[in-house]
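**Q** One structure, as structure tokens, below. Some questions next.
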Amino acid sequence: MHRIAYVINYIVKGGPSAVVLNMIHNLDRTQYEPVLITLFEGNDPEIIANEKKAELQIIECNNKSRLQFLLHGLLEYKEIMEEYHIDIVHGHGFIPDLMNARLGKKFKTISTVHNIMFEDYLMNYGRAKGSIYCQIHLWAMRRLDQVVCCSKAVYDVMKNHIFGCQYIENGIEDFEYPCHVSRSDLHLPEDSIVFLYAGYLIQLKQVPFLVENFVKCHGPKEYLLILGIGEDEDLCRSLADNHVVFAGFQTNPYQYMAISDIYTSASSSEGFSISVLEAMHCGLGLFLSDIPSHREVVEGTSGLYVGELFSEDNFTEKYATLVQSISKIDKQLIQEYQGEKLSAKTMMKRYMEVYKTI
């Protein structure tokens, strides 16, 4: 029996946190025993309580300062690994990778790359600081035993920088999504086509672009439902008309997916969007920005029509095509495809092969 430590800054709903939990839940417990290590304050208490109830061993370090932990936390970090008899350390993110790169050869180390750092870091931190972060992160990953990208889109970038890296597409678990809201609750006509965006309203996600262009294109029976909050919310509201509905942050976005038809995102960079996979699980068609990871989903469906990709130049044209082709979107087939090809179980079968090789 090998013990695997899954290390992440903190656990919240969605994103890399969801991937980590999907990994743990679908790990073969006859071969591996998981331990979840969170480094900083910020854990979602409900998620942590549920995982502890399910008897997952969790170590909450609750460090307050990232810099202090990086500078002075290595000894304590090593002691945790030794105390809990860890064999493999699986890091998720910049700081976990930096710590794991300094552990030495006693532990086998692996990283999952969740983003295209050359886009994400530069967008979030500016060109100068973002470039420094990229170089530091690359230094760390080159010292690990294995680097796995969360999509082919990420791999196509990282293979030029990390020798021997590979990719395993993200997958999600099956889940129930009871619906306690209705279209009438949101004043949406029953016979309308409802587009849905769920996520942060920040620069990287380009939601103002989505709102502005939707307002230009939509017909009398087409609506856009936006779930989320962020720094661009006021701008989005100023660009919206009465066919754009803001529902704020929702802890259960799936019930809103259940009353929608199309999931949409204008994001400028994604690793492999969990929200897109969740939308497919709910049977939604897709209307996504034409970036590599979105293209990987839409073009990888073996002839199944799931929607359209758009750019700044052809949004109007692609929108019209999607609306005219709405009858081609088969909810059940989309759900079946996601469940077979992009499931957490499929993802973890491949990760366990990686664990064996290292």
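The values are calculated or read from the model by the stated rules, or taken from the named source; none is laboratory data. The structure presented is a predicted model; accordingly, all values stated were derived computationally and were not measured. Please note: Cβ atoms are built from the backbone with ideal geometry, for glycine as well, and neighbour counts cover all protein chains shown. Surface accessibility is based on the protein's heavy atoms, side chains included, excluding ligands, DNA and RNA. Shrake-Rupley method; radii C 1.70, N 1.55, O 1.52, S 1.80 Å.
**Q** Whose amide H sits under 5 Å from the amide H of Gly230, counting only residues 5 or more places off or on another chain, with H placed in the peptide plane?
**A** Correct list: Leu201.
**Q** Then there is this: Exactly which trypsin sites (Lys or Arg not before Pro) in the stretch 1-59 are in a DSSP loop and have at most 11 other Cβ atoms within 10 Å? Don't skip to the answer; put the middle values down first.
**A** Working: sites: Arg3, Lys13, Arg29, Lys52, Lys53; in loops: Lys13, Arg29.
Of the trypsin sites (Lys or Arg not before Pro), the ones in loops of the stretch 1-59 whose Cβ has at most 11 other Cβ atoms within 10 Å are Arg29.
**Q** Under 18 Å from the 7 Å Cα→Cβ point of Asp185, by amide nitrogen: which residues of the stretch 199-241?
**A** Residues passing the 18 Å test: 199, 224-229.
**Q** Sticking with this structure for a sec: Once the other residues with Cβ under 11 Å from the Cβ of Cys61 are scored (Lys, Arg +1; Asp, Glu -1), what is the net sum?
**A** Details: positive: Lys64; negative: Glu41, Glu60, Glu76.
Computed value for this residue: -2.
**Q** Given a Förster radius of 41 Å and the C-beta distance between His2 and Ser131 as r, what FRET efficiency does 1/(1 + (r/R0)^6) yield to the nearest 0.05? Mind showing how you got there, number by number?
**A** Numbers: r = 37 Å, r/R0 = 0.91.
Once rounded, the FRET efficiency stands at 0.65.
**Q** Right, here's the next one. Sorted by mean Cβ packing within 10 Å, highest first, what order do the peptides 211-220, 264-273 take?
**A** Numbers: 211-220: 16.3, 264-273: 23.5.
Output ranking for 211-220, 264-273: 264-273, 211-220.
**Q** To continue, here is another question. Given only helices, namely DSSP H runs of n ≥ 4 each adding -39500 (n - 2.57), what is the per-residue ellipticity at 222 nm of the chain, to the nearest 500 deg cm²/dmol? Before the final figure, lay out each step's value.
**A** Numbers: 16 runs with 148 residues, N = 358.
For the chain, the value works out to -12000 deg cm²/dmol.
**Q** Next question. Of all the accessible heavy-atom surface of the chain, with the other protein chains kept in place and a 1.4 Å probe, what percent is carbon and sulfur? Provide the component values of the computation, followed by the final result.
**A** On the way: 8070 of 16420 Å².
The C+S portion of the solvent-accessible surface of the chain is 49 percent.
**Q** Moving to a separate point now. Going by amide H atoms built from the backbone, whose H comes under 5 Å of the H on Val113, apart from near neighbours?
**A** Val148, Cys149, Cys150
**Q** Additional query: Where the convex hull is taken over the Cα atoms of the stretch 142-265, what is its projected area averaged over directions, in nm²?
**A** Working: hull surface 40.7 nm².
That works out to 10.2 nm².
**Q** I've got another one for you. So what is the relative contact order for the stretch 78-125, in percent, with contacts set as C-alpha pairs under 8 Å and at least six apart?
**A** Details: 34 pairs, mean separation 18.4, N = 48.
With pairs under 8 Å counted, the relative contact order is 38 percent.
**Q** Pull out the extension gain between Ile229 and Lys106, defined as 0.36 nm times the separation in residues minus the alpha carbon to alpha carbon distance; nm, one decimal. Mind dumping the intermediate values first?
**A** Values: separation 123, 0.36 × 123 = 44.28 nm, distance 4.36 nm.
Full extension of this stretch gives 39.9 nm more.
**Q** I'd like the Karplus ³J(HN,Hα) series for the stretch 167-175: coefficients 6.51, -1.76, 1.60, θ = phi - 60°, whole numbers in Hz, and an x wherever there's a Gly or Pro.
**A** Karplus values, whole Hz, x for Gly and Pro: 9, 9, 5, 4, x, 10, 7, 5, 8.
**Q** How much accessible area per residue does the stretch 224-358 have, in Å², with a 1.4 Å probe?
**A** Values: 5730 Å² over 135 residues.
Result: 42 Å² per residue.
**Q** Output the antiparallel fraction of DSSP beta bridges having both residues in the chain, as a percent to the nearest 5.
**A** Values: 0 of 48 bridges.
Of all bridge pairs located within the chain, approximately 0 percent are antiparallel.
**Q** A follow-up question, please. What are the ³J(HN,Hα) couplings of the stretch 143-155, residue after residue, when phi is run through the Karplus curve with 6.51, -1.76, 1.60 and θ = phi - 60°? Round to Hz, x for glycine and proline.
**A** 9, 8, 6, 8, 10, 10, 8, 7, 6, 5, 4, 5, 4
**Q** Starting at the first residue of the stretch 291-297, write each ³J(HN,Hα) from the Karplus equation 6.51 cos²θ - 1.76 cosθ + 1.60 with θ = phi - 60°, in whole Hz, x for Gly and Pro.
**A** With coefficients 6.51, -1.76 and 1.60, one gets 10, x, 5, 5, 5, 4, 6 Hz.
**Q** Further, regarding this structure: With a/c under 1.5 counting as rounded, go ahead and sort the stretch 1-91 into rounded, prolate or oblate using the C-alpha gyration tensor (a ≥ b ≥ c being the square roots of the eigenvalues; past the cut-off, prolate if a/b is larger than b/c, else oblate).
**A** Numbers: a/c = 1.96, a/b = 1.18, b/c = 1.66.
It comes out oblate by the Cα gyration axes.
**Q** Follow-up question, since we're still on this one. Please work out whether the stretch 225-275 counts as rounded, prolate or oblate from its C-alpha gyration tensor, where a ≥ b ≥ c are the square roots of the eigenvalues and a/c under 1.5 means rounded, while otherwise a/b larger than b/c means prolate and anything else oblate? Spell out each step's value before the answer.
**A** Values: a/c = 1.60, a/b = 1.15, b/c = 1.39.
In terms of gyration-tensor shape, oblate.
**Q** Now for a separate question. Amide H neighbours of Leu304 under 5 Å, at least 5 residues apart or on other chains, H built in the peptide plane: list them.
**A** The answer is none.
**Q** What is the chain's relative contact order, in percent, from Cα pairs under 8 angstrom and six or more apart in sequence? Walk me through the numbers before you get to the answer.
**A** Details: 633 pairs, mean separation 53.5, N = 358.
Here the relative contact order equals 15 percent.
**Q** Going 7 Å from the Cα of Glu55 toward and past its Cβ, which residues in the stretch 16-31 have a backbone nitrogen under 13 Å from where you end up?
**A** 29-30
**Q** With a probe of 1.4 Å, find how much accessible area the stretch 1-115 has per residue, and write the answer as a whole number in Å².
**A** Numbers: 5220 Å² over 115 residues.
Averaged over the residues of the stretch 1-115, the accessible area is 45 Å².
**Q** Starting from the alpha-carbon convex hull of the chain, give the projected area averaged over all orientations, in nm². Kindly include the intermediate steps, with their values, before the conclusion.
**A** Details: hull surface 72.4 nm².
The directionally averaged projection comes out at 18.1 nm².
**Q** Could you check the spin-label model distance between Ser302 and Thr357? Points 7 Å from the Cα along Cα→Cβ, value in nm.
**A** 2.3
**Q** Same structure, new question: Once you sort the root eigenvalues of the Cα gyration tensor of the stretch 117-183 as a ≥ b ≥ c, which label holds: rounded (a/c under 1.5), prolate (a/b larger than b/c) or oblate (the other case)?
**A** Working: a/c = 3.24, a/b = 1.66, b/c = 1.95.
Since a/c reaches 1.5 but b/c is at least a/b, the shape of the stretch 117-183 is classed as oblate.
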